[in-house]
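A.B. asks: Pasting a structure below so you can have a look.
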Amino acid sequence: MGLGNILFGRKKLSGAKLDKLFALPSAAVTMDVELGLRTDGVAAVVFKPLSAGDFMRAEQEIDELLGVAARDSGSEVRRREDSFGFQWLVVRDKDLEDMVTSVHLVSSELEARGFGEQVLVALFRFKARNEDRPVYLVYGYKTGTFWPFIPTGEDQKRDNPEELRLKNELEKELPMEPQLERWLGLYDAPLD
């Protein structure tokens, strides 16, 4: 990208990097045995809203996509919107491998239908064996990396020491985001 594009705001977003999602099921054994984390049976693909002109076309295509994903994977897939207007395609499946496959299918279909630049992250919710609070792994589509997100339950605070510990434990299993400032927190995710 040239300097002129940067100065005049003509920046093209990169497409989604999908294939590194499949590292998650192979890391599940380590997550369960060594870290006490098991899937909570829910994940989501998050994408940014479209312009008003594209929204009408997208609305029908996304509904078709949800039908395709549910039929092909056996997962339950529903659409939600958060308070900022971001779209969440929520996937429910008790089997982590099937859920990751469904998330990949949803992401691939969004990209194939021309919405790849809008796909932002996938969010996977886990349960810790000895705690009530959820533990999330976030997958950044633009970087093809994961990072942990552990909200404390207090007003938009997170457990940074535990997140760093999980990063250190999982970096041999998963491509982890090395730049901590990119570790986006997804508070109030409409997963339920």
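A.B. asks: Filter segment 74-97 down to the residues that are within 21 Å of Asp188 (Cα to Cα) and of a type in the set (A, V, I, L, M, F, W, C) and list them by number.
C.D. replies: Listed by number, the residues that qualify are Val77, Phe84, Phe86, Trp88, Leu89, Val90, Val91.
A.B. asks: Could you list, in sequence order, the residues of segment 1-36 that are at pLDDT 50 or above, hydrophobic (A, V, I, L, M, F, W, C) and in a loop (DSSP other than H, G, I, E, B)?
C.D. replies: Ala16, Leu18, Leu35, listed by residue number.
A.B. asks: Go through segment 69-86 and report how many residues are at pLDDT 85 or above, surrounded by 12 or more Cβ atoms within 10 Å (Cβ to Cβ) and part of a loop (DSSP other than H, G, I, E, B).
C.D. replies: Of the residues in that region, 2 qualify.
A.B. asks: Scan (1) at pLDDT 95 or above; (2) within 19 Å of the chain's Cα centre (by Cα); (3) over 18 Å from Arg38 (Cα atoms) for the single condition Arg125 breaks and write down its number.
C.D. replies: The one condition Arg125 does not meet is (3).
A.B. asks: If you don't mind, another one. Need pairs with beta-carbon distance below 7 Å; first residue under 18 Å from Lys157 (Cβ atoms) and within segment 110-136, second in a strand (DSSP E or B) and open to solvent by 60 Å² or more (accessible area, probe 1.4 Å); sequence gap 6+ or separate chains.
C.D. replies: Close Cβ pairs satisfying both conditions: Pro134/Lys127.
A.B. asks: If you don't mind, another one. Just give me the residues in segment 137-172 being buried (at least 22 other Cβ atoms within 10 Å of the Cβ) and hydroxyl-bearing (Ser, Thr, Tyr), in sequence order.
C.D. replies: If the condition is that a residue be buried (at least 22 other Cβ atoms within 10 Å of the Cβ) and hydroxyl-bearing (Ser, Thr, Tyr), then Tyr139, Tyr141 are the ones that fit.
A.B. asks: Now, a different point. Restricting attention to segment 157-186, which residues are more than 19 Å from the chain's Cα centre (by Cα), more than 15 Å from Arg133 (Cβ to Cβ) and not in a helix (DSSP H, G or I)?
C.D. replies: Correct list: Lys172 only.
A.B. asks: When you scan segment 38-68, how many residues do you find that are over 18 Å from Ala122 (Cα atoms) and at pLDDT 95 or above?
C.D. replies: Residues flagged as over 18 Å from Ala122 (Cα atoms) and at pLDDT 95 or above within segment 38-68 amount to 0.
A.B. asks: Out of Glu109, Glu131, report the one residue that is open to solvent by 70 Å² or more (accessible area, probe 1.4 Å) and either within 17 Å of Leu21 (Cβ to Cβ) or in a loop (DSSP other than H, G, I, E, B) (or both).
C.D. replies: Result: Glu131 is the single residue among Glu109, Glu131 that is open to solvent by 70 Å² or more (accessible area, probe 1.4 Å) and either within 17 Å of Leu21 (Cβ to Cβ) or in a loop (DSSP other than H, G, I, E, B) (or both).
The values are calculated or read from the model by the stated rules, or taken from the named source; none is laboratory data. Quick caveat, the model's predicted, so the values are computed rather than measured. Backbone-built Cβ (ideal geometry, glycine too); neighbour counts: all protein chains shown. Heads up: the accessible areas ignore ligands, DNA and RNA and are worked out on the full protein's heavy atoms, side chains in. Shrake-Rupley method; radii C 1.70, N 1.55, O 1.52, S 1.80 Å.
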